Each structure stands twice: as C-alpha cells, then as structure tokens.
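The values are calculated or read from the model by the stated rules, or taken from the named source; none is laboratory data. Because the structure is predicted, anything quoted here is derived from the model rather than measured. Positions of Cβ are backbone-derived with ideal geometry, glycine not excepted, and every protein chain shown enters the neighbour counts. Surface accessibility is based on the protein's heavy atoms, side chains included, excluding ligands, DNA and RNA. Shrake-Rupley method; radii C 1.70, N 1.55, O 1.52, S 1.80 Å.
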Amino acid sequence: MTAITAISGTIATTAMFGCERRAVLRLAIAAWAAAVAPCAHALKGPAQPQAKLSQAQSRAFQAWMLRIINAQLERGPTPRWQHRDCAGLVRFAVNEALSPHDAKWLRANGIGTDRRLPPELELTGEQTMLRNRWVQTGGQVGHFVTALALVQHNSRFIAREVSQAQAGDLLFFDQGAEQHLMVWMGARIAYHTGAVTPDDNGLRAVDIKHLMTWKDTRWQPVASNPNFAGIFRLSFLS
C-alpha cells in the first residue's frame, strides 16, 4: 500500500489536477486575504445569522468533540455514525458534541462515566438549532454537507500555519478532483480515509510532527504546500 492510499483511500492522480483544484485554491487565497483585510469575506457564509457559542461553551464543545473522536479511534466507529468519510467524521463529532451528554448518551457512545468528562454546554433554545443544520452549497440548510461546503459555508479561515490551530479545527487539503478534511487534536490529527473494508475501518491518527514531514508532500500541512488550503474553525465557535 502506498503512502497516498494509506492516508486517503481514493486520491486523484496528478493528471486529475485541473479547474476544480484551482477553484478551491482561489478560495484559500481569498481566505488569506480576509485575514489581512477585515472588510473582505474570504468564504461565503450562511445568508441568515447563525447562533454562536460563548467562549466557555466553545471550549466545552471542543473538549467534547475531541472526546467523541477519540472514542471512535479507541473503540472503532459506533453504529450511530453512518456516513463514514472525512466530512462524515466531522459532522458526526460536531452533532454529538452539541447533544445533551446524559447517561443514556454516554452508554450509546461507549464513553464511561468513570472518566473525567467535559462540562455540559448548557445550550439555549436557539443554540440547539445548530445541531444537524449545515449550510450547503446554494444556501440550503440540511443534515448533510460535503468537505468543501463544510469549510466554505460553515467555517472561517484561520491561517496556513498549524501553530494557530486549536482543538477541533479542520485542516483542509485540495487534491484535485477530491478534497479532504483532518481534525486537529493537539499533538496529533485524526481523519477518515473515506475507504472502509472488513479489515480497515478507515480511521487514522497521525502525530503532527510525522505529518509535517510526510513522504508524500501533498499531505504536509505547511504554507509551502499548494495542496494545503489551511486551518479552518467552525463558524459558531467564539
């Protein structure tokens, strides 16, 4: 198995890099411009105002998101997670992090109460509407969103330097005909390859230092990599 297969399952070859790749990279360039020009809008967002979490709620959300992803890595994917690819991992972790984490939820997700758990988010009625509401391409709101639309319409650009990443941030890679998301977990990143076999659930966790020197340079999260669009943060976080 090559390094390309191991990290993403189904990756486009160099010959497939074309107009779609350039279009996605233009989004990243526009996002970078927004970082230095506050009046500019790098990524097109939802037409309607979106509820936001407070700083305390955002920190609790990030802690729950990482706990949920770690549970998938440690125990394997829960049957409750159905669409298993890179964007599906993010959607599942976000929706579950926004859920009430009562005893029933803990049992269903295989998270023991003996562990120290993050604080509850204590969401308002408006904030609960964030769950399973993704802005899709075209402005519709629904339960499903692609990797591209997830960053384009539901996140904000942070930087192309991983030193700026926080827990739960998204690393977005453009590989021509396909795009790929990884989740920043602190010392490591987590992702789903998009491919599932009887012997491989598709989940991966890679030390960030290892990824920075990955043999296939298209996957290195460094500013000099044209395939790395940057770090994105969910737009409802403070």
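For M65, M129, M185, M212, give me the order by solvent-accessible area with a 1.4 Å probe, most accessible first, ignoring ligands, DNA and RNA.
Ranked list, largest accessible area first: M129, M212, M185, M65.
Quote to one decimal, in nm, the extra length available between K215 and R107 on full extension: 0.36 nm per residue of separation minus the C-alpha distance between them.
Residue separation times 0.36 nm, minus the Cα-Cα distance, leaves 34.9 nm.
Any aspartates and glutamates with Cα under 18 Å of the K215 Cα? List them, leaving off those in the same chain fewer than 8 positions away.
Of all the aspartates and glutamates, those that pass the test against K215 - Cα under 18 Å, at least 8 places apart if same chain - are D174, D207.
Would you kindly compute the Cα radius of gyration of the stretch 69-132 and its largest Cα-Cα separation (Dmax), both in Å?
12.2, 33
Could you size up the charge dipole of the stretch 181-238 around its Cα centre, putting +1 on the beta carbon of Lys and Arg and -1 on that of Asp and Glu, and report it in debye to the nearest 20?
220
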